[in-house]
Amino acid sequence: MRKNLQGYITASTAILMAFCVGCASMAERGLLPDVKARQLPAVNLGPEIILQEEVKLNDDSRFSSLISKDGHVHLFLTDKKKQTHHIEISGNEVLNREMLGVADGFSLDAIEHPSGTLRVVAGDKMFIRPEGGKWQEIKGNKCQRFIAVGEDLLCAFIAKGEEIGGPKRTDWIAGWFILIPVAFPLPSVHADKLVLAQESEDGWAIRAVFDPETKLSARPGFFAGSDQHGSLHFLYCASGGSKWFILAFGGYSGVAGSGDVSKTELRYVRVQHDQFLERVTGLDDSESGPGKPSRLPSSIQGLPLAKSEQDIFPKRLDRLFTINGASGDPEGLNRASQGMWVQIKITDGQWVPHYDVVTAVDLPDSGARWNEDEPALIKSDRNGNTHVLLVKVRAGFWRSSNEMCYFLKTGNHWTAPLILGDLDRGILGGNIPSHNSLAVDETGKVFAIWENKSHSVVGRWILPQK
């Protein structure tokens, strides 16, 4: 279902919230009838496979998965002790469980490049397993997201401002201390920047810096990807670091709080891979040395998509955006109102002025709530089909019933949610962390992974019907 919008970013939340006014649910009021009438996806669901029993995870744990050319699923996860695990699955059998090493940092990404070679970045470590070989550990890694275009492998990461000469910025902290307003500057900082790098003998060599002249800092959780047309896509947030606070007392009570008041922008970049290489390959690394200039990074300018996105988009843009395998356009998930998820798109550097409703309160199942942000995940396959994971919650007095659900969009049609299995949020609720993943291959085969209520990591094949 499509709804026309004018000025999507500023108007979407207000319009969608208007649907929710009143005590009756959308289903009871007859709204969104096509969502209520949706059917389950035409897929074959495999049995639930226990991948790792009672693994110790925390909110900082990460999952990343892929399906290699030989049809095996490879799951990489970081546990509570910052250990990086590798689990390999063939069919419905776990072939291998191994611990690769301990890494410091929160980033995790994996890729098969070239064919047969697995690469994993986990914090400050990179692990490589050549075809038929053993894992090799490389220290000092900075890469956070792999980007493959044909035979070329690039990576993107947030570089410290002082390391790349980012412009200096002075932030402020202001607020109320008891009854006295105060404001003072924070120490000057160099703006952190999103950078694009190539692999070299000395690690990842920076070839381009995004927005090198602006004083805003790029934030973690950015999205980076490539399409079949050879274009690179980037979506990231940039902001300052000014803060507010309040600390007040009255009688036997008090109030305290703090927050961020800096300007925040959601910025988008699309650059053609060949054009990028032409700009950065004018001077080979071999030509640098005494009396010879080293290769200078190229400049890439991002364009703001909206005035402010910090209340609309969560931190994990890498989970909420994907590149459509057919059109080559970025598409994403947005929880535009309480319990309503919509699919959004970017074409030619602009928001497409309509959205598709994926699910909503009580739709397509009566009593269902879809309020969890962290587990939301979207992927696209080569044919342009869209695959989504969302958590369905049925609230109880002491404990909620939580289920991991899979949605599929083929053409312009979304399906009803397919229940994959349970997960636990604990007594009296609490946020469900992003302990899940989707591995999608070129044929449309999907392997879904999540942590169930027994705190075991499990997975299931979702196969297209022939």
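No value in this document is a laboratory result; all are computed from the given coordinates. Values in this document were obtained by computation on a predicted structure and should not be read as measured data. Every residue, glycine among them, receives a Cβ derived from its backbone with ideal geometry; neighbour counts consider all protein chains shown.
Quick check on packing: order 39-50, 441-452 by the mean number of other C-beta atoms within 10 Å, highest mean leading.
On the way: 39-50: 14.0, 441-452: 20.2.
Put in order of decreasing packing, that is 441-452, 39-50.
Here's how it looks for Ser107: its modeled amide H is under 5 Å from those of Gly123, which are all 5 or more places away or on a different chain.
Counting only other residues whose beta carbon sits under 9 Å from that of Gly339, what net charge do I get with K and R as +1, D and E as -1?
+1
Counted residue by residue at 0.36 nm each, then reduced by the alpha carbon distance between them, the extension gain from Ser258 to Asn412 reaches 51.1 nm.
When N counts the residues of region 157-269, how does its alpha-carbon radius of gyration compare numerically with 2.2 N^0.38 Å, as a ratio? Before the final figure, lay out the partial values.
Working: Rg = 19.0 Å, N = 113, 2.2 N^0.38 = 13.3 Å.
Cα Rg divided by the expected 2.2 N^0.38 Å: 1.43.
Could you give the length gained by full extension between Ser115 and Asp34, i.e. 0.36 nm per residue of separation minus their alpha carbon distance, to one decimal place? Write out the running numbers ahead of the final one.
Details: separation 81, 0.36 × 81 = 29.16 nm, distance 4.25 nm.
So the extension gain works out to 24.9 nm.
Return the FRET efficiency for the residue pair Glu163, Glu98: r is the Cβ-Cβ distance, R0 is 30 Å, and the value is rounded to the nearest 0.05. Mind showing how you got there, number by number?
Working: r = 33 Å, r/R0 = 1.11.
E(calc), rounded to 0.05, equals 0.35.
Taking 0.36 nm per residue of separation and subtracting the Cα-Cα distance, what length does fully extending Ala326 through His354 add? Numbers along the way, then the final one.
Values: separation 28, 0.36 × 28 = 10.08 nm, distance 1.90 nm.
So the extension gain works out to 8.2 nm.
Given the peptides 130-142, 375-387, arrange them by the average over their residues of other C-beta atoms within 10 Å, most packed first.
Working: 130-142: 12.8, 375-387: 19.7.
Highest to lowest by the protection proxy: 375-387, 130-142.
Extent of region 41-98 along its three principal axes (Cα atoms, max minus min coordinate, largest first): 38, 25, 17 Å. Approximating the spin labels as points 7 Å out from Cα along Cα→Cβ, the Ile419-to-Glu53 distance works out to 2.6 nm. The amide H of Leu186, built 1.01 Å from its N in the peptide plane, has Asp171, Trp172, Ile173 as neighbours under 5 Å, considering only residues 5 or more places off or on other chains. Here region 62-131 is treated as a Stokes sphere of Kirkwood radius computed over C-alpha pairs; at 25 °C and 0.890 mPa s its diffusion coefficient rounds to 203 µm²/s. With all pairs of separate Cα atoms included, region 99-180 yields a Kirkwood hydrodynamic radius of 15.4 Å.
Checking the cross-link pairs Lys168/Lys379; Lys82/Lys215; Lys215/Lys345; Lys56/Lys445; Lys243/Lys453 against a 31 Å limit on the alpha carbon distance flags Lys168/Lys379; Lys82/Lys215; Lys243/Lys453 as lying beyond it.
Normalised by residue number, the volume inside the convex hull of the Cα atoms of region 81-219 is 172 Å³ per residue. As a rough footprinting exposure proxy, the listed residues Trp176, Trp351, Trp414 were ranked by other beta carbons within 10 Å of their own, and the order from fewest upward is Trp176, Trp351, Trp414.
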